[in-house]
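These notes concern the structure reproduced below.
The values are calculated or read from the model by the stated rules, or taken from the named source; none is laboratory data. Treat the numbers as computed from the prediction; the structure is a model and nothing was measured. Here the Cβ positions follow ideal geometry from the backbone for every residue, glycine too, while neighbour counts run over all protein chains shown.
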Amino acid sequence: MKIFTRILLIFSLIFPLRAFSEDMSEPLPGRILGNESAQIIIEEYASMSCGHCASFHNNTLDKIKKEFIDTGKAKLVFYDFPLDRGAMIGSMITQCMNDNQFFPVLTRLFQKQIEWTQSDNLLESINDILAPLGLDKTRILSCLEENEINQNRWKSLLAGRKYAIDIKGVEATPTFFVNGEKVEGKFDLKKLKELLK
C-alpha cells in the first residue's frame with residue numbers, strides 16, 4: 001500500500017500538466033524501430049491515451065513496417081507526447097523498458113488502450129495487460145515509484161512535450177514527420193509513398 005501512496009502523490013502533482021520551468025531536463029531520445037542507419041526517417045509524436053495514435057499502431061504501422069522498416073529502407077522514431085494523466089503513466093512505464101521491451105510494451109498498451117484508459121483501476125488493468133509479456137506487478141510499479149530516476153524521466157517527458165510544441169510545431173497527436181517534413185492529414189502507407197516521390 002505504501003508504494004501506491006507514493007505513486008499517487010507523484011501523479012496528483014503532475015496533472016493537470018503544470019507550467020514548464022526554465023530548468024527542465026533534456027527531452028528523452030526517440031525510441032527507434034528499424035535500422036538506425038535507414039535513410040528514410042519517420043518521426044512520430046503520440047500520446048498513449050490517444051485513440052488515433054492507437055489506430056495507427058493497430059491498423060497502419062504493420063503495412064509500413066513490412067514494406068519500409070523491415071526492409072531497412074526506413075526507421076520509425078517514436079516520441080512521447082502525453083496529453084493526460086493516463087498517457088503519462090503509460091509513457092513512464094514504456095520509457096523505463098529496455099530497447100528490446102519498449103515496442104512490445106508500447107504495442108500491447110495501444111492494442112488494449114480502451115481497457116486500461118477507461119478502467120476504474122488503471123494500474124491493475126495495466127498489470128493484467130502486460131502480464132503476458134512477462135512483466136510482473138513489481139516491475140511495472142518500479143517504473144512509477146517516487147525516486148530520482150523516475151522523477152528525472154518524468155521531467156524529461158515534459159521537456160520533450162515542450163520541445164515538440166515550441167520547436168517542432170506539434171499541435172495534436174499523432175503528428176508525423178518524414179525526413180523532417182511535417183505530414184498534413186492522415187498518415188499511412190499510401191501517404192508515405194506520395195511523400196517519397
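Are any residues in the range 139-179 under 19 Å from the mean Cα position of the chain (by Cα), in a loop (DSSP other than H, G, I, E, B) and surrounded by fewer than 13 Cβ atoms within 10 Å (Cβ to Cβ), and if so, which ones? Correct list: Gly169, Glu171, Ala172.
May I ask you to verify whether Phe103 is touching a Lys or Arg at 6+ places or on another chain (Cβ under 9 Å), surrounded by 22 or more Cβ atoms within 10 Å (Cβ to Cβ) and among the aromatic types (Phe, Trp, Tyr)? Taking the combined requirement at face value, the residue does not satisfy it.
Looking only at the range 162-178, residues that are within 23 Å of Asn58 (Cα to Cα), out of contact with any Gly (no Cβ under 9 Å at 6 or more places or on another chain) and touching a residue at least 24 places away in the same chain (Cβ under 8 Å) come to 6 in all.
Residues checked against (1) at pLDDT 95 or above; (2) small (Gly, Ala, Ser); (3) closer than 13 Å to Pro174 by Cα; (4) touching a Ser or Thr at 6+ places or on another chain (Cβ under 8 Å):
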position	(1), (2), (3), (4)
Asp70	yes, no, no, no
Ala74	yes, yes, no, no
Tyr79	yes, no, yes, no
Arg85	no, no, no, no
Pro104	yes, no, no, no
Gln113	yes, no, no, yes
Trp116	yes, no, no, yes
Leu133	yes, no, no, no
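Kindly check whether there is at least one residue in the range 103-115 that is closer than 21 Å to Arg153 by Cβ, in contact with a strand residue (DSSP E or B) (Cβ under 8 Å, 6 or more places away or on another chain), hydrophobic (A, V, I, L, M, F, W, C) and in contact (Cβ under 8 Å) with a residue 24 or more places away in the chain. For the range 103-115, residues closer than 21 Å to Arg153 by Cβ, in contact with a strand residue (DSSP E or B) (Cβ under 8 Å, 6 or more places away or on another chain), hydrophobic (A, V, I, L, M, F, W, C) and in contact (Cβ under 8 Å) with a residue 24 or more places away in the chain: present.
Does Ile7 meet the test of being part of a helix (DSSP H, G or I) and at pLDDT below 95? Please lay out each step first, then the result.
Details: part of a helix (DSSP H, G or I): yes; at pLDDT below 95: yes.
The answer is yes for Ile7.
Among the residues making up the range 70-96, those that are among the acidic types (Asp, Glu) and either in a helix (DSSP H, G or I) or under 11 Å from Ser47 (Cα atoms) (or both) are Asp80, Asp84.
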